[in-house]
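S.K.: Got a structure here, written out as structure tokens. Questions coming.
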Amino acid sequence: MNPTLRAYVADLTAPYGIAVREDLIEQGVGHSYGEMCVPLLAELVSEERPADLLVLATGIPDVRLGRATATYLSWHCAGAPLAFAVCDQGLLAAFTALHLIDGYARTGGCRRAVLLVAEQPTLYHELPVPTPVPDRAAAVGVVLEPDGPQGALSIRRHTNLAEHHVADVLAAEVARLSGDRSEPTVLLGAQLAEVVADRSVGGDVRVCRENQPFTGIWLELSRGLSGWQESGRQVLLAEYDPTLGYLFSATVRCGG
């Protein structure tokens, strides 16, 4: 156990009156995002096809509180890419990460980007507000290439959206994508699936695991991407944060 960790966490939480979980600190439990993601980089990126950009998205803080994890991962990634971390955005962090990747890709200076999404269930303090917490640690990585087989990428954000409007807005997005192609595969985050409930939104809908709130839809994307590339499938990923009233979606047009 890091002997300074208890005092560090206490200093962070004291202004907010949040209790420190000294039992977890004493036990030394938890998984570091750095150690979780390094093996993914070894599988996804090679010296022959290095990365230009790396973006790490998380919803739960890392247990290695003093480390710049994105920088650490860049050191372990072929190409030593420019690296960012997106946090404090809850369930929508990965969509912001994709927005960053898309922006850099549009400059022409990013041939290959790595999106890493990670979560782990250990917090060294009590939660100040109700927050989805995974039941296990998980990390997923996806390589995105503007000219690669995953095709075009687009991100849409709907803000100040009341829950009773969510299903209609999502259905309109699916209809828009279905206009000149077959219906897309729709990957719904667990929170969004709960809001939509039994209302039909169109497309081939797949609901991702509730116990993996941050990585669920991205795990589904990584598992199905190669098959969707072969069939030229459109894939719509979407999640809703009811606290903020934000509906974010990302469309991957596989096969161009």
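The values are calculated or read from the model by the stated rules, or taken from the named source; none is laboratory data. As the structure is a prediction and not an experimental result, all values here were calculated from the model. Every residue, glycine among them, receives a Cβ derived from its backbone with ideal geometry; neighbour counts consider all protein chains shown.
S.K.: Take the residues in segment 108-134 that are among the β-branched types (Val, Ile, Thr) and part of a loop (DSSP other than H, G, I, E, B), then tell me which one is surrounded by the most Cβ atoms within 10 Å (Cβ to Cβ).
M.R.: Thr122
S.K.: Of everything in segment 221-242, what is charged (D, E, K, R) and either touching a His at 6+ places or on another chain (Cβ under 7 Å) or not in a strand (DSSP E or B) (or both)? Give them in sequence order.
M.R.: Within segment 221-242, Arg223, Glu230, Arg233 meet the criteria.
S.K.: Within segment 33-57, which residues are in contact (Cβ under 8 Å) with a residue 40 or more places away in the chain and in a loop (DSSP other than H, G, I, E, B)?
M.R.: Val45, Arg49, Pro50, Ala51, Asp52 - these are the residues of segment 33-57 that are in contact (Cβ under 8 Å) with a residue 40 or more places away in the chain and in a loop (DSSP other than H, G, I, E, B).
S.K.: Consider Leu92 carefully, then state whether it is buried (at least 16 other Cβ atoms within 10 Å of the Cβ), under 17 Å from the mean Cα position of the chain (by Cα), in the same structural domain as Arg209 (by TED's automatic domain parsing) and touching a residue at least 40 places away in the same chain (Cβ under 8 Å).
M.R.: No: the conditions fail for Leu92.
S.K.: Mind counting the residues in segment 19-28 that are touching a helix residue (DSSP H, G or I) at 6+ places or on another chain (Cβ under 9 Å) and either among the aliphatic types (A, V, I, L, M) or part of a helix (DSSP H, G or I) (or both)?
M.R.: Count: 5.
S.K.: Can you tell me which residues in segment 5-18 are part of a loop (DSSP other than H, G, I, E, B) and more than 16 Å from Pro61 (Cα to Cα)?
M.R.: Result: Gly17, single match.
S.K.: Moving on to the next point. Which members of segment 172-187 meet the condition of being buried (at least 16 other Cβ atoms within 10 Å of the Cβ) and in a loop (DSSP other than H, G, I, E, B)?
M.R.: Matches in segment 172-187: Glu183, Pro184.
S.K.: Same structure again: Go through segment 64-107 and give me each residue that's outside any helix (DSSP H, G or I) and among the aliphatic types (A, V, I, L, M).
M.R.: Result: Leu65, Ala68, Ala78, Ala80, Leu82, Ala83, Ala85, Val86.
S.K.: Sort through Leu82, Leu65 and tell me the only one that's touching a residue at least 40 places away in the same chain (Cβ under 8 Å) and either assigned by TED's automatic domain parsing to the domain that holds Glu48 or in contact with a strand residue (DSSP E or B) (Cβ under 6 Å, 6 or more places away or on another chain) (or both).
M.R.: The match here is Leu65.
S.K.: Here is a further query. With (1) crowded, with 19+ Cβ neighbours inside 10 Å; (2) under 12 Å from Ala118 (Cβ atoms) as the list, and Leu53 as the residue in question, which single condition is left unmet?
M.R.: So the condition that Leu53 fails would be (2).
S.K.: Hey, among Gly203, Gly256, which residue is farther than 30 Å from Cys77 by Cβ and either modelled with pLDDT under 90 or not assigned by TED's automatic domain parsing to the domain that holds Leu56 (or both)?
M.R.: The match here is Gly203.
S.K.: Please identify the pairs in which a residue from segment 12-28 that is surrounded by fewer than 16 Cβ atoms within 10 Å (Cβ to Cβ) has its Cβ atom under 7 Å from the Cβ atom of a residue that is basic (Lys, Arg), counting only partners at least 6 apart or on another chain.
M.R.: Correct list of pairs: Glu22/Arg6.
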